[in-house]
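A.B. asks: Could you have a look at this structure, given as structure tokens, before my questions?
The values are calculated or read from the model by the stated rules, or taken from the named source; none is laboratory data. Keep in mind that what you see is a predicted model, and the values were worked out from it rather than measured. Cβ placement follows ideal geometry from the backbone for every residue including glycine, while neighbour counts extend to all protein chains displayed. We work out accessible area using only protein heavy atoms, side chains counted, and drop any ligands, DNA or RNA first. Shrake-Rupley method; radii C 1.70, N 1.55, O 1.52, S 1.80 Å.
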Amino acid sequence: MKKIVFFLFTFFTFYNSNAQEVKTLTYFQNDTLKLDLDLYLPKVKAGEKIPLIVFAFGGGFSGGERTSEKDFGKFMAQNGYAVASISYSLYMKGKDFGCKGTLTEKIKAIQIGVSDTWQATGFLIENANKYNLDTSKIFISGISAGAEIGFHASFWDYKLMNLYKSNLPENFKYKGFIGGSGAIQDINLITKEKAIPMLLAHGNNDDTVPYAAGSHRSCPTNASGWLILFGSYAVYNQMNDLHKDIELITFCGGGHEFSGYLFHDGKQYVLDFVNDVLKGKKFQSHLILPSNKKGPAKYSFCD
């Protein structure tokens, strides 16, 4: 009987220590637009400040839901991190985000999504005391289009590119970036001064978002929607050249279907990454994983 009581005590103690709650909050609203976020919060001691991960879903700026990665939010909350899974404007809904689309529209979609994300980040900073958030430890993350948002939110000029009211502190900088199959428009935006630790995952045969430098959706140069992007491998090389902290997971032969890996099967990689960043560890690593897809190797490390 004593063993059963002890077991139940241990079970409920463990359960309570990992208890969490999810709050749905409106972070932006005007006459035509209302944007919400789901804030996954861990159980913490009174006065304890929580690191935060802002997450943007994927879907080509035309679809997707902030509720798509509930398991990721719950997993990180169980391990002491808050996650804010945000909604953002789906500007390309009903429009062509591919090769027959319009270049300026594609860039505008990214800019709107980034501006929404900056507004969400500012809202969370403004309400940090209410939810015990540590504003010095805010990471940004995303899948595919969400990872493109994360890249540009981290490295675009805030004063130049922000479309809404300025609500971020002067010289604000994310603590780190976690991206699944994302890319950035200009690799030169990543400088020694602006670089932040990164964890990236990408399939080297991705024909939607380029793994290295290439055109979005593999569009030909004469396409109206032709847009050059620099993917995870290009960013990895840039960060290595700058001697900055970077971890890249490459799926050899893999395509865009691996965009969600870090937030599904690879959640432990994310947890280890944020823990290492907050401990001040230095790292530069490239983990090469095989996939079941066959195709041209393209890179010697995939032979």
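A.B. asks: Please verify whether Lys159 is out of contact with any strand residue (DSSP E or B) (no Cβ under 8 Å at 6 or more places or on another chain) and not hydroxyl-bearing (Ser, Thr, Tyr), treating the condition exactly as stated.
C.D. replies: Taking the combined requirement at face value, the residue satisfies it.
A.B. asks: Filter segment 135-162 down to the residues that are assigned to a strand (DSSP E or B) and open to solvent by less than 30 Å² (accessible area, probe 1.4 Å), then identify the one that is farthest from Leu90 (Cα to Cα).
C.D. replies: Checked segment 135-162; the qualifying residue farthest from Leu90 (Cα to Cα) is Ile138.
A.B. asks: Now for a different question. Exactly one condition in (1) in contact (Cβ under 8 Å) with a residue 24 or more places away in the chain; (2) open to solvent by 10 Å² or more (accessible area, probe 1.4 Å) is false for Gly180; which is it?
C.D. replies: Tallying (1) in contact (Cβ under 8 Å) with a residue 24 or more places away in the chain; (2) open to solvent by 10 Å² or more (accessible area, probe 1.4 Å), Gly180 fails exactly one: (2).
A.B. asks: Now a separate question. Have a look at Gly98, Gly64 and point out the one that is more than 19 Å from Leu262 (Cβ to Cβ) and assigned to a loop (DSSP other than H, G, I, E, B).
C.D. replies: Result of the check over Gly98, Gly64: Gly98.
A.B. asks: Just to be sure, is Ile228 within 16 Å of the chain's Cα centre (by Cα) and either under 19 Å from Leu103 (Cβ atoms) or buried (at least 19 other Cβ atoms within 10 Å of the Cβ) (or both)?
C.D. replies: Spelling it out, it is not the case that Ile228 is within 16 Å of the chain's Cα centre (by Cα) and either under 19 Å from Leu103 (Cβ atoms) or buried (at least 19 other Cβ atoms within 10 Å of the Cβ) (or both).
A.B. asks: Any residue at all in segment 66-86 that's more than 25 Å from Phe273 (Cα to Cα) and open to solvent by 20 Å² or more (accessible area, probe 1.4 Å)?
C.D. replies: No, segment 66-86 contains no residue that is more than 25 Å from Phe273 (Cα to Cα) and open to solvent by 20 Å² or more (accessible area, probe 1.4 Å).
A.B. asks: Okay, next question. Would you confirm, using the coordinates I've provided, whether Lys165 is in a loop (DSSP other than H, G, I, E, B), of a type in the set (Lys, Arg) and either modelled with pLDDT of 95 or more or within 24 Å of Thr250 (Cβ to Cβ) (or both)?
C.D. replies: No; evaluated as a whole, the condition is false for this residue.
A.B. asks: Answer with yes or no whether Phe123 is in contact (Cβ under 8 Å) with a residue 40 or more places away in the chain, over 23 Å from Leu199 (Cα atoms) and part of a helix (DSSP H, G or I).
C.D. replies: Taking the combined requirement at face value, the residue satisfies it.
A.B. asks: Now for a separate question. Restricting to segment 87-108, and then to whatever is polar (S, T, N, Q) and open to solvent by less than 30 Å² (accessible area, probe 1.4 Å), can you tell me which residue is nearest to Lys23 (Cα to Cα)?
C.D. replies: Ser87
A.B. asks: If Ser291 passes every condition in (1) under 20 Å from the mean Cα position of the chain (by Cα); (2) surrounded by 15 or more Cβ atoms within 10 Å (Cβ to Cβ); (3) farther than 28 Å from Thr191 by Cα but one, which one does it miss?
C.D. replies: (1)
A.B. asks: Within segment 211-224, does at least one residue satisfy the condition of being at pLDDT 95 or above, open to solvent by 20 Å² or more (accessible area, probe 1.4 Å) and closer than 21 Å to Val270 by Cβ?
C.D. replies: no
A.B. asks: Is it the case that segment 109-130 has a residue that's among the acidic types (Asp, Glu), more than 28 Å from Glu21 (Cβ to Cβ) and open to solvent by 10 Å² or more (accessible area, probe 1.4 Å)?
C.D. replies: For segment 109-130, residues among the acidic types (Asp, Glu), more than 28 Å from Glu21 (Cβ to Cβ) and open to solvent by 10 Å² or more (accessible area, probe 1.4 Å): absent.
A.B. asks: Mind counting the residues in segment 20-39 that are assigned to a strand (DSSP E or B) and within 14 Å of Tyr88 (Cβ to Cβ)?
C.D. replies: Result for segment 20-39: 9.
A.B. asks: Moving on. Which count do you get for residues in segment 183-192 that are loosely packed, with under 14 Cβ neighbours inside 10 Å and part of a loop (DSSP other than H, G, I, E, B)?
C.D. replies: Result for segment 183-192: 3.
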